[in-house]
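I have placed the structure first, in the form of structure tokens, so that the comments after it can refer back to it.
The values are calculated or read from the model by the stated rules, or taken from the named source; none is laboratory data. Note that the structure is a prediction, hence the values are computed from the model and not measured. Quick reminder, even Gly has a Cβ in these numbers, built from the backbone with ideal geometry, and neighbours come from all protein chains shown.
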Amino acid sequence: MHYCYILLSSKSHTFYFGSANDLKERLKLHNSGKVKSTKPHIPWKLVWYSAFETEKQARDFEQYLKTGSGKAFAYKRFISVALKKDFSAGRISR
């Protein structure tokens, strides 16, 4: 399987959209500082992911999520839902 995912930085409260073949390993790389673009924002939390049959499908969806309409879709359908679940479970403090 191939994955498209969204991460949330606990430090800067920014989101990162990515894709990977091994999601667990990729998250470890993000949090260990081995990914240049995400290193300044460690630690990262996985807030959403989806599995795809092919790498191309996962990468295409990642590219869509990085567009203006893709970000709007992600915030409305994935991110807000994930944050509401965390907030209601007491995992996010304000």
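Quick look at the values:
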read-out: Among the candidates LEU7, LEU29, residue that is among the hydrophobic types (A, V, I, L, M, F, W, C) and either within 9 Å of the chain's Cα centre (by Cα) or under 17 Å from GLN63 (Cα atoms) (or both); value: LEU7
read-out: Out of SER37, SER10, sole residue that is among the small types (Gly, Ala, Ser), under 17 Å from LEU65 (Cβ atoms) and touching a Phe, Trp or Tyr at 6+ places or on another chain (Cβ under 9 Å); value: SER37
read-out: Residue match in the range 56-65 (condition: at pLDDT 95 or above, in contact with a helix residue (DSSP H, G or I) (Cβ under 6 Å, 6 or more places away or on another chain) and surrounded by 15 or more Cβ atoms within 10 Å (Cβ to Cβ)); value: yes
read-out: The range 1-20 residues that are closer than 15 Å to ASN31 by Cα, paired with ones that are acidic (Asp, Glu) and outside any strand (DSSP E or B) (beta carbon under 6 Å, 6 or more apart); value: PHE17/GLU62
read-out: Residues within the range 26-71 that are more than 14 Å from ILE6 (Cα to Cα), in a helix (DSSP H, G or I) and of a type in the set (A, V, I, L, M), tallied; value: 1
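Per-residue answers, yes or no, for (1) in contact (Cβ under 8 Å) with a residue 40 or more places away in the chain; (2) not aliphatic (A, V, I, L, M):
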site: LEU23; (1), (2): no, no
site: LEU29; (1), (2): no, no
site: LYS36; (1), (2): no, yes
site: PRO40; (1), (2): no, yes
site: TRP44; (1), (2): no, yes
site: ALA51; (1), (2): yes, no
site: GLU55; (1), (2): yes, yes
site: LEU65; (1), (2): yes, no
